[in-house]
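Written below as structure tokens is the structure these notes are about.
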């Protein structure tokens, strides 16, 4: 065995060590061990080159790394109950074994992440509702406050009507068109607010109050 | 109308300069052509669309940023193969790698924490230039954790310490706690890691989980502060509206004339107590806190220490003394009005 061959064996041995004792990298450990076995068993570097060209163990190492990391990401997003964010790991894991080159692998992972990032952005659009909460409270204050009758018309009718008209304009001219740039069919789906990933951001609000605020928001938008 | 150049240019300039770099180096081939076509599409969108949000949405939907990066990497790799030595033998690969690292050193010079980021790259270049073979170079780099250091993990701990210091300075107790937890997690991973450098991917997940855990509590806290601020404002405006200075105060001034200003003042006097009672109810509904709880609540004490509570000393005292009178149909005592006037 020539010196260069031995140097490569030493290098691949270090790569194996990198993944030892870390439960995240079980696939990588196996793939790197396989690579080490291959280079240790071939008679020369030329044979190693031929074997690599034929069997592509380096692609298997790259696939194994992506698999390990996406499995970890999948577990992580399952644990924190973030199904939309988990989609990229789900999708990558569904195709990763079919990848035949590192370029294809990198591009596929990048494209899936990009598509899922769009889905995440669309999912987060529902949080417009959270931004509108203080306005909903203000209208509730105006409409339900105990104030002298002399002010009823102004405070309980004109102010809420004006505020709602302003918001309807904002909704139709800015918020909705902006949201539809992400998804042309987008509309605010209030049901999403009850899903854990959004509901937890309003943990200080009881279910009953949230239901009330949703109805108030529909009126704010002019759909009730 | 095109997207505002002042907004879109900083985004496009990054891609323009990457493209120019490859063009200047006489890159060519299908990947280069696709990269240029992707940039042309971004330029087209910047002209055709009206605003930055539309531009961002379309570029992300069409996968242009990612596509550009992919084609750039392909074109760059192709160019490097041609320019270094025209081959894929060990010497060429080492030369190509060192050239990329030397370029990175130049690019990182003005980056934050550049010293620590550049140091492992310089170390790598020194090893590469010392006459070792490519596999020996790779092995030493792995053994010394230089590839991991290059991922930026080497500055993560510094960044976390900075985040803690900033959060302390800004009186953000939950952020302090959260960043400290991230630091402890980082140190724990470092203890387990060979060479003491945690795996950046693994730490990324741990960090995300800690941030996720704190998010509802941080939002709750912000919402709580925002709501008690509104309560204080309502009582403050109400008591001040009875003062002799009210007609000259901006809060009630009306450009239509004094009769309207006086009407505004009267409306505050008549309506604020009713508004206050509803807000007080909402505040209790959300946080199970009453008026008197505000002043001993951790959020209030912290905001006071941070100098973020507008009302201080006698001004806060005025609000507290006005509270029992601030009920629908109620009026402040003469003594209280005089006290409020004395503070003006």
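The values are calculated or read from the model by the stated rules, or taken from the named source; none is laboratory data. The structure presented is a predicted model; accordingly, all values stated were derived computationally and were not measured. Reconstructed Cβ throughout: ideal geometry from the backbone, glycine too, with neighbour counts over all protein chains shown.
Details
- Filter pass, residue B:151 being surrounded by fewer than 20 Cβ atoms within 10 Å (Cβ to Cβ), under 18 Å from residue B:199 (Cα atoms) and within 9 Å of chain A (Cβ to nearest Cβ): no
- Checked against (1) farther than 30 Å from residue A:211 by Cα; (2) without any contact (Cβ under 8 Å) to a residue 24 or more places away in the chain; (3) surrounded by fewer than 18 Cβ atoms within 10 Å (Cβ to Cβ), residue B:270 passes all but a single condition, namely (3).
- Answer from B:250, B:288 - the residue that is exposed (fewer than 14 other Cβ atoms within 10 Å of the Cβ), within 11 Å of another protein chain (Cβ to nearest Cβ) and without any contact (Cβ under 8 Å) to a residue 24 or more places away in the chain: B:288
- Residues that are over 19 Å from the mean Cα position of the chain (by Cα), over 30 Å from residue B:141 (Cα atoms) and more than 8 Å from chain A (Cβ to nearest Cβ), drawn from segment B:195-226: B:225
- Flag if residue A:23 is exposed (fewer than 15 other Cβ atoms within 10 Å of the Cβ), modelled with pLDDT under 95 and closer than 30 Å to residue B:207 by Cα: yes
- Selected residue [under 22 Å from residue B:173 (Cα atoms), assigned to a loop (DSSP other than H, G, I, E, B) and under 33 Å from the mean Cα position of the chain (by Cα)] from B:286, B:310: B:310
- Residues that are surrounded by 18 or more Cβ atoms within 10 Å (Cβ to Cβ) and touching a residue at least 12 places away in the same chain (Cβ under 8 Å) within segment B:195-205 comprise B:197, B:198, B:199, B:202, B:203, listed in sequence order.
- Annotation note: of A:141, A:147, A:126, the sole residue that is within 30 Å of residue B:224 (Cα to Cα), surrounded by 15 or more Cβ atoms within 10 Å (Cβ to Cβ), touching a helix residue (DSSP H, G or I) at 6+ places or on another chain (Cβ under 8 Å) and more than 10 Å from chain B (Cβ to nearest Cβ) is A:126.
- Residue within segment A:161-173 that is within 13 Å of another protein chain (Cβ to nearest Cβ) and in contact with a helix residue (DSSP H, G or I) (Cβ under 9 Å, 6 or more places away or on another chain) present: no
- Residue in segment B:55-64 that is over 30 Å from residue A:123 (Cα atoms) and either assigned to a helix (DSSP H, G or I) or in the same structural domain as residue B:106 (by TED's automatic domain parsing) (or both) present: no
- Answer residue from segment A:71-117, given it is touching a helix residue (DSSP H, G or I) at 6+ places or on another chain (Cβ under 6 Å) and outside any helix (DSSP H, G or I) and is nearest to the other protein chains (Cβ to nearest Cβ) among those: A:80
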